1. Round to a whole number: what % of the accessible area of the range A:2-219 belongs to carbon and sulfur, probe 1.4 Å?
2. In debye to the nearest 20, how big a dipole does the range B:14-229 give about its Cα centre with +1 on each Lys and Arg Cβ and -1 on each Asp and Glu Cβ?
3. What residue among A:237, A:58, A:212 has the largest mean-square fluctuation in a Gaussian network model of chain A, using Cα springs under 10 Å?
4. With a cut-off of 16 Å, note down the residues of the range A:208-252 whose backbone N falls inside the zone around a label point 7 Å from the Cα of residue A:139 toward its beta carbon.
5. How much accessible area does residue A:5 have with a 1.4 Å probe, in Å² rounded to the nearest 10?
6. Enter the accessible area per residue of the range B:14-229 (Å², integer; probe 1.4 Å; all protein chains in place).
7. For peptide B:108-114, what's the mean number of Cβ atoms from other chains within 10 Å of each residue's Cβ?
8. Using +1 on the beta carbon of Lys and Arg, -1 on that of Asp and Glu, and nothing else charged, what's the dipole of the protein assembly as shown about the Cα centre, debye to 20?
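The values are calculated or read from the model by the stated rules, or taken from the named source; none is laboratory data. Bear in mind the structure is a predicted one, so any value in this text is a computation, not a measurement. In this analysis, Cβ positions are derived from the backbone assuming ideal geometry, glycine residues included, and neighbour counts consider all displayed protein chains. For the accessible areas, the whole protein counts, side chains as well, though only heavy atoms, and no ligand, DNA or RNA atoms are used. Shrake-Rupley method; radii C 1.70, N 1.55, O 1.52, S 1.80 Å.
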Amino acid sequence: MQDLLQQVFNGLVVGSVYILMAVGLTIIFGVMKIVNFAHGEFYMVGAYVAFYLVSLAGLNFFVALILASVLVGLFGILIERLINRFGKDMAELEYTYFTILLTIAISLVLANTVNVLAGPSQHQIATGISTAPIQIGPVVVSEFKLLVIVIAFSLSMIFGLFLKYSKFGKAMRATFENREAAASVGINTNIINMVTFAIGAAMASIGGILVGAMFNIFPFMGSQASLKAFAVVILGGLGSFIGAVVGGLALGIIESIASGYFAVGYKEAISFVLIILVLVFRPEGLAGRISR
Amino acid sequence: MLAILPLIFSNEYTLHLLILVAINVIFASSLNLISGYVGELSLGHAAFAGLGAYTTALISLSGFSPWLGLAGAVAVTLVVSYLFGLIVIRLRGAYFVISSLAFQMALFYTASNWIGLTHGPMGLLNIPRPGLWIPGVGSIQLNSKVSFYYLSVIIAFVIVMACKRLVRSPIGETWVAIRENEKLSAAVGLDRTKYVTFAFVFAAVFAGIGGWLLAHYIQVVSPGDNMSFDLIIGMILMVVIGGRGTIVGPILGAVVVTFLPEYLRGMGNWRLTVYGVILGVLVIFLPHGIMQLWGIGSSRLQQGLFAGLAVKRKG
């Protein structure tokens with residue numbers, strides 16, 4: 001029982017990072033129908049920017065976190081402009097091909113460029129926050145891990161409320177539902193695209209920074225994170241915000257509990273087996289509606 | 001002309017690259033069936049190549065003939081692709097892409113972790129070269145590069161011809177019809193699931209045969225060499241650089257992608273960045289690859305196809 005509680009807690013921490021990754025991925029898909037294979041690279045670049053801001057510029061961890069995520073958000077807008085510039089008049093099939101291949105290309109370029117410039121070695125981002133174990137009842141936690149959970153949940157809650165109640169959030173949801181109809185009632189879908197990409201990229205980079213502070217960063221950290229985020233959005237339903245949150249938590253906890261019973265290496269395979277199972281039995285995702 | 005190439009390039013290294021070209025032609029041409037003609041981007045293609053490679057490695061390392069390994073590779077890829085097809089064929093676009101990727105990753109982690117069967121990341125070593133019985137000559141072991149070159153080229157040629165026959169057959173015309181206009185193709189009574197399953201299974205089996213060749217050529221099978229995500233990126237590059245939805249395109253692509261790293265050797269670690277830039281520039285400016293330079297875009301070729309199809313159905 002004690003083990004189980006500990007594993008659930010560990011799952012919550014990992015799941016928090018999955019949520020940060022998956023929310024961006026799912027809204028980018030929802031709004032623009034792009035499967036963003038470069039999403040893990042937003043996460044990686046964010047982590048590297050924050051690492052250098054802390055270690056070279058000597059900034060406070062939180063300042064670096066905010067600055068890095070703003071920079072990566074702006075970078076996300078740049079990518080969105082690139083896709084929009086060349087892809088906007090394409091037929092559906094061409095567009096799917098174009099966006100997937102282009103984002104794969106971007107991810108190759110980013111990961112390998114960082115690999116050459118920063119070197120393949122691993123780093124950890126210094127935070128100044130205690131990672132010492134604290135015993136709470138039967139569970140061992142740390143200040144920083146609690147912080148990770150708080151950051152992930154408050155950010156997704158703020159974003160969820162923003163989507164539900166703000167005028168801009170409503171415009172975003174309208175664009176999810178029907179882009180042409182949204183444009184015809186005067187919603188500027190270009191701005192929606194850019195904001196979606198910026199928020200998605202910024203949230204992914206925050207995920208990367210938190211992971212970089214808990215564990216470590218390396219140039220190819222993004223590809224695995226991307227794959228996990230795909231698993232989460234399929235679990236939750238592509239394009240579903242709630243699905244990304246529920247799916248992220250579910251995957252984190254399932255993986256964590258399963259790692260208590262299976263060999264460590266198999267833990268990584270779980271998410272992919274889950275994707276296939278979900279696609280067989282519930283292709284619309286656990287929380288989702290069909291948005292195919 | 002392919003038969004005399006070994007006489008011109010007698011050095012071992014060039015022959016090595018030519019063998020890899022032949023194997024890559026198999027991978028690219030088969031991927032092209034599902035991703036070029038049907039138009040569903042499969043990120044699980046390398047897994048079928050890996051499945052073929054692992055099957056034959058296990059069979060031939062147990063002391064059986066590599067040719068039995070070939071039969072095994074075909075059987076396993078056939079069965080697995082059919083079963084996985086039952087799930088994935090219902091899906092389109094992004095769902096197809098992600099679930100095929102999930103399949104690839106599930107197999108990758110299985111190969112990495114099922115140490116008892118696969119030796120994990122270390123891989124299976126010392127896979128034997130196949131022997132061949134030639135009338136009048138007797139039985140020979142294909143140990144030399146030249147003999148393996150001929151084997152690879154013959155198999156690649158047969159597979160390209162098979163792809164060509166498939167594509168020109170009513171089945172292949174139906175693939176394109178489904179790609180170009182799914183609703184209309186359904187309206188004229190074409191069963192998407194059936195035809196896409198055909199493409200998926202054929203592509204997988206051909207990839208399995210390519211995997212068989214690769215396993216017996218390199219003589220090592222490992223998750224990194226035979227199951228990794230990088231492999232599928234290479235295969236997609238070949239199809240896109242050459243021109244998807246054409247027969248010649250993937251062959252050109254396989255040549256370019258196999259030789260490109262040799263020319264980029266001087267760039268050291270920047271090589272993969274350059275790969276990414278090339279892919280990016282291509283998808284923006286030349287989405288139908290080298291073939292587009294000759295004005296052979298895949299969809300242009302197929303204009304008027306539906307008119308023909310409708311007439312055929314009536315008659």
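1. 67
2. Dipole of the range B:14-229, to the nearest 20 debye: 240 debye.
3. Between A:237, A:58, A:212, it is A:58 that shows the largest mean-square fluctuation.
4. Label zone hits: A:249-252.
5. Rounded to the nearest 10, the figure is 70 Å².
6. Per-residue accessible area for the range B:14-229 comes out at 36 Å².
7. 5
8. 1300
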